[in-house]
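The block underneath contains the structure these notes are about, expressed in structure tokens.
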Number of protein chains: 2
Amino acid sequence: MDSIEDSPLYRIANPGSIAFFGASNSFASMGTSCLSSLLSMGYEGRVYPVHPSEETVQGLSAFASVEEIPEVPDLAIFVLPTKIVCEALEQCGKKGIRHAIVVTAGFREVGGEGHERERELVEVADRYGIRFLGPNCIGVTNPHVKLNTTFMESPARPGYVGLASQSGSFVTQLFDYLDARALGFSAAFSVGNAANVDLVDCMEYLGRCPNTKVIGLYIEGIARGRAFVEAARRITPRKPVVALYVGGSETGKRAGMSHTGTMAGPDRLYDGIFRQSGIVRAHTLTELFDFCWVLGGLPGPAGNRVVVQTHSGGPGATAADSCGRAGLEVPPLTETTLSRLAEYIPHTGSKNNPVDITFSKNPQDYFSAVPEILAGDANADMFMSYYLVPDNMVKRPLMRMGVPEEEAGRKAAEWLVQQADALAGIMKKVGKPFVGYTYRDLWECFPSEMVKRGIPMFSDPDRAARALAAMVRYMRMADRIDGQDGAAAKQDQQVGEAAS
Amino acid sequence: MDSIEDSPLYRIANPGSIAFFGASNSFASMGTSCLSSLLSMGYEGRVYPVHPSEETVQGLSAFASVEEIPEVPDLAIFVLPTKIVCEALEQCGKKGIRHAIVVTAGFREVGGEGHERERELVEVADRYGIRFLGPNCIGVTNPHVKLNTTFMESPARPGYVGLASQSGSFVTQLFDYLDARALGFSAAFSVGNAANVDLVDCMEYLGRCPNTKVIGLYIEGIARGRAFVEAARRITPRKPVVALYVGGSETGKRAGMSHTGTMAGPDRLYDGIFRQSGIVRAHTLTELFDFCWVLGGLPGPAGNRVVVQTHSGGPGATAADSCGRAGLEVPPLTETTLSRLAEYIPHTGSKNNPVDITFSKNPQDYFSAVPEILAGDANADMFMSYYLVPDNMVKRPLMRMGVPEEEAGRKAAEWLVQQADALAGIMKKVGKPFVGYTYRDLWECFPSEMVKRGIPMFSDPDRAARALAAMVRYMRMADRIDGQDGAAAKQDQQVGEAAS
């Protein structure tokens, strides 16, 4: 596969027209919710509901059969009862449709005759050359073309995280989670039982997708191990891949089996696969997205040395502790830095790394002069800083000075936006990974302004440290694979030349 | 110490009157902020600002010297420049004041002559029999008597978490953090350099404090190791203690030393101390408060077996994976449970634990019938459930049925509150630990209503699983210590009887 358009997923994620099976005007059904979220996101292609009796469905002209649709749609979506999916797929095949999403469940994952039903589905597809996502999946989201086939209505913003998931929940149920981090999907695929299109296909699509800066995988079990490793090794030297694998523990294994019918393997086996593939492993869903956040949004670090800025001891000590546990160094600062810092740090503070400002005479120093000095330190590969900036901390002193509440609120917000701007400017200038942490809510003015400017903010220094360590791990693995595969390619070439 | 009133901290946390040094009418100073937050919380005792020139400070009559105050205050608080603290303490001693908080920094933690200054402070205190918190601390919060001597204004709610911290930040900077969990401090002490009153004193006070159901410790280093272990062993069999120690890693160690001047020790040493003491160790601040949340708020589990309820596979599989890694079992359910579940679970769901409902015909079954069956299972010691209930998920379908937006919002909220009530009722009836997890914001209607009813909600199943595992660890340690010390006490008694 050389072009993204050769991927079986290209038309699934970028359809010009859709035949939709299973939506009606009854608001209780799953199919209705899926069509409704497709329309509410403002999808700009043509949509043809197929319904046996209704003349219109959700305001669109409906068709009694797919045959009657006045064009050959790029994609068919099925949210039908299990027993009639195969027949509907067959009709689509006859019509000339070559791509489908089978949302319907009740196949291999339920065991027994579900296996037979899935085999039949695959046979029909093969007969017509149809490539399909599912069954037992939730579909696809591609906010860049306003496509959301999942049942969850959302103004999902376009972003840089490409997701391929063996759980549909993690495609649909995280829009809000990502939003709090100003993140969005470039495209997200729920592969379900992966009867025809699988994780490897998704990874290859996302590897070539120009909107995707980082690929996240949620894995309960890999069927094509060798293809997975080969595809990953082609991608990881130039685009990071993060994987959450949950089939490892005995309990996770049982849950994974019952869910999509994929056999999970021993945890260590998967550890090896990921290492060999250059994939960064996450252990929780929180880590999966934390790692995607920094790997997709920040420049790569040159090494593992972190400089930490705080204005109180506890947050500094916990950050240093977390860095240490994550395998990061918190090195002493250079003499140059120490002398430049002198004027900003009172005698109760500390110029040891973590640097503890305690108190700034000019509060904005904390957001500009000091981070500029620290992030620029020659011993620092990465910068991490603590923030405690509730809106009221700026607003209340203004009110005490006699500024009316509304104006104080506006001025406080302006000041906080200025500080976030200053920090974003420093991040850009310095070109090193830059993360913040706070024990405050991410929705507050300052953290949300930071996040909007691409500076990740974490609710615990431990998460920040693990995210930075994931970047270091990625850089090392990517270098190694690039070196190995580059050398192997060169050797192949020499062998080829010698033989010719 | 038999009574809480014998504790040196009793008058510090429950003063009837306070002499306040260092507040003025200038709004920029730290002392002014401290007095302001004391007053804004509505402290009901008498407050006497001491100020060399002002007649009133923040609306209170000020006194040129402590001598002129018309009574002997229970407590003196110092937010003065370092050089004049000793003299002020001496004057308080002469006046007869016997308890103090020294917020002022610049003592042992800055090294050099700071050591000498701290020695002098201790000498003055000893001469007059004064017990004091600090120096280099942030003071105390006791919301039960509306006392907040820290610089951070807050309507901190009374709660059950007692905190003793070698970081002031973790006393002041977490009010909002706790609030999101409907948690509050019973009392929180910032010990600073602990020159006179230390962590052991705090732990003993909190052990006897009737408002404290769980004790949290933030530790950078323990000075009185033996006293610490002895005090902890007296407390832990009947009241859980959770400790976050950050001096362990090399980097954390350096940060800890520079912060309060306490020497940190090897991580393993502290691991041993905690185990010996029956203390549950946390590794991050998030864990410290997660563990306090469940240990203070939920009944103790009889064993380590968890039943998990979800309505989608991914959240179930991640929960099972996290439980497995945390050392919890996710056992098969009893036959009774399986047959009772039958009517609630469609064929696409799973009755394996994690139980995956997929879809409920009656949405309220997820919040009442099903959890009641699962939590009551004889194989389950604990119950954990996934929730995806954005307000809009309930409100939008109502609007599609033609209900006007405002009414739909109100009805949605009513319905969500009913579900939280049902769950709280089940939790109470079943008497087992009960936690929820969600990838949604804790401030949304449903999670916040759950939290208000004492059901912890976590943003990742991993946090939920670790919190439950902390409870299991606590139960085992408490039993062990109770057994050992009980046996030792009995032996002592027998030896005593034999000798007499």
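The values are calculated or read from the model by the stated rules, or taken from the named source; none is laboratory data. Since this is a predicted model, take the numbers as computed values, not measurements. So basically every Cβ, Gly included, is an ideal-geometry build from the backbone, and we count neighbours across all protein chains shown.
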Please work out which one of (1) closer than 30 Å to B:D179 by Cα; (2) part of a helix (DSSP H, G or I); (3) of a type outside the set (A, V, I, L, M) is the condition A:R440 fails and give its number. (2)
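Okay, residues lined up against (1) of a type outside the set (K, R); (2) out of contact with any helix residue (DSSP H, G or I) (no Cβ under 7 Å at 6 or more places or on another chain); (3) surrounded by 24 or more Cβ atoms within 10 Å (Cβ to Cβ):
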{"site": "A:Y160", "(1), (2), (3)": "yes, no, no"}
{"site": "A:L163", "(1), (2), (3)": "yes, no, yes"}
{"site": "A:Q166", "(1), (2), (3)": "yes, no, yes"}
{"site": "A:F170", "(1), (2), (3)": "yes, no, yes"}
{"site": "A:A182", "(1), (2), (3)": "yes, no, no"}
{"site": "A:F189", "(1), (2), (3)": "yes, no, yes"}
{"site": "A:A194", "(1), (2), (3)": "yes, yes, yes"}
{"site": "A:V197", "(1), (2), (3)": "yes, yes, yes"}
{"site": "A:V200", "(1), (2), (3)": "yes, no, no"}
Residue hits (region A:162-178; under 24 Å from A:D441 (Cβ atoms) and under 11 Å from the mean Cα position of the chain (by Cα)) are A:F170, A:L174, A:F175, A:Y177, A:L178
Sort through B:S26, B:S36 and tell me the only one that's more than 28 Å from B:E120 (Cα to Cα) and either of a type in the set (D, E) or not in a loop (DSSP other than H, G, I, E, B) (or both). B:S36
Assigned to a helix (DSSP H, G or I) and within 14 Å of chain B (Cβ to nearest Cβ) - does that describe any residue in region A:116-137? yes
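Table: residues versus (1) surrounded by fewer than 17 Cβ atoms within 10 Å (Cβ to Cβ); (2) farther than 21 Å from A:P8 by Cα; (3) under 29 Å from the mean Cα position of the chain (by Cα).
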residue: A:G22; (1), (2), (3): no, yes, no
residue: A:L35; (1), (2), (3): no, yes, yes
residue: A:P49; (1), (2), (3): no, yes, no
residue: A:E55; (1), (2), (3): yes, yes, no
residue: A:E67; (1), (2), (3): yes, yes, no
residue: A:F78; (1), (2), (3): no, no, yes
Specify which of the listed residues (A:M471, A:M399) is modelled with pLDDT of 95 or more and either within 30 Å of B:T284 (Cβ to Cβ) or within 13 Å of chain B (Cβ to nearest Cβ) (or both). A:M471
Could you figure out which of (1) within 22 Å of B:N211 (Cβ to Cβ); (2) away from chain A (no Cβ under 11 Å) isn't true of B:G168? (2)
Among the residues of region B:147-161 satisfying the criterion of being of a type in the set (G, A, S) and in a loop (DSSP other than H, G, I, E, B), which is nearest to the other protein chains (Cβ to nearest Cβ)? B:S154
Residues in region A:292-306 that are within 23 Å of the chain's Cα centre (by Cα) and either small (G, A, S) or within 14 Å of chain B (Cβ to nearest Cβ) (or both): how many? 3
Among the residues of region B:296-310, is any part of a helix (DSSP H, G or I) and either among the aliphatic types (A, V, I, L, M) or more than 30 Å from A:C137 (Cα to Cα) (or both)? yes
Taking region B:378-415, which residues are touching a residue at least 60 places away in the same chain (Cβ under 8 Å) and in contact with a Lys or Arg (Cβ under 9 Å, 6 or more places away or on another chain)? B:N379, B:A380, B:D381, B:M382, B:F383, B:Y387, B:L388
Exactly one condition in (1) touching a residue at least 40 places away in the same chain (Cβ under 8 Å); (2) within 14 Å of chain B (Cβ to nearest Cβ); (3) surrounded by fewer than 24 Cβ atoms within 10 Å (Cβ to Cβ) is false for A:D176; which is it? (1)
Looking at region A:139-155, which of its residues are more than 16 Å from B:D441 (Cα to Cα) and among the small types (G, A, S)? A:G139
Output the residues belonging to region B:443-462 that are within 18 Å of B:L288 (Cα to Cα), in a loop (DSSP other than H, G, I, E, B) and within 10 Å of chain A (Cβ to nearest Cβ). B:S459, B:D460
Within region A:415-424, can one find any residue that is within 14 Å of chain B (Cβ to nearest Cβ), out of contact with any Leu (no Cβ under 8 Å at 6 or more places or on another chain) and at pLDDT 95 or above? no
For region A:430-471, which positions are among the hydroxyl-bearing types (S, T, Y) and in contact with a strand residue (DSSP E or B) (Cβ under 8 Å, 6 or more places away or on another chain)? A:Y437, A:T438, A:S459
Can you confirm whether region B:257-269 contains a residue that is away from every other protein chain (no Cβ under 14 Å) and modelled with pLDDT of 95 or more? no
Selected residue (criterion: nearest to the other protein chains (Cβ to nearest Cβ)) from residues of region A:322-355 that are under 26 Å from A:A467 (Cα atoms) and among the β-branched types (V, I, T): A:V330
Among the residues of region A:273-280, is any crowded, with 21+ Cβ neighbours inside 10 Å, of a type in the set (S, T, N, Q), touching a Ser or Thr at 6+ places or on another chain (Cβ under 8 Å) and assigned to a helix (DSSP H, G or I)? yes
Residues of region A:137-163 satisfying the condition of being of a type in the set (S, T, N, Q), touching a Ser or Thr at 6+ places or on another chain (Cβ under 7 Å) and at pLDDT 90 or above: A:T141, A:N148
Count - residues of region A:98-115 that are crowded, with 20+ Cβ neighbours inside 10 Å, touching a helix residue (DSSP H, G or I) at 6+ places or on another chain (Cβ under 6 Å) and part of a helix (DSSP H, G or I): 3
Output the qualifying pairs, or none if there are none: Cβ atoms under 6 angstrom, residues six or more apart or on different chains, first residue in region B:307-321 and facing chain A (nearest Cβ under 7 Å) and within 19 Å of B:G376 (Cα to Cα), second residue surrounded by fewer than 24 Cβ atoms within 10 Å (Cβ to Cβ) and modelled with pLDDT of 95 or more. none
Counting only residues in region A:350-365 that are closer than 26 Å to A:L398 by Cβ and surrounded by 13 or more Cβ atoms within 10 Å (Cβ to Cβ), the one modelled with the highest pLDDT is identified as A:D365
Residue satisfying all of: in region A:1-20; of a type in the set (S, T, Y) and not in a loop (DSSP other than H, G, I, E, B); nearest to the chain's Cα centre (by Cα) among these: A:Y10
Conditions (1) away from chain A (no Cβ under 14 Å); (2) closer than 19 Å to B:V191 by Cβ; (3) surrounded by fewer than 20 Cβ atoms within 10 Å (Cβ to Cβ); number of the one not met by B:D74: (2)
Quick one: would you say A:P404 is surrounded by fewer than 18 Cβ atoms within 10 Å (Cβ to Cβ) and within 14 Å of another protein chain (Cβ to nearest Cβ)? no
Residue among B:T438, B:T358 that is touching a helix residue (DSSP H, G or I) at 6+ places or on another chain (Cβ under 9 Å), within 12 Å of chain A (Cβ to nearest Cβ) and on the phi > 0 side of the Ramachandran plot: B:T358
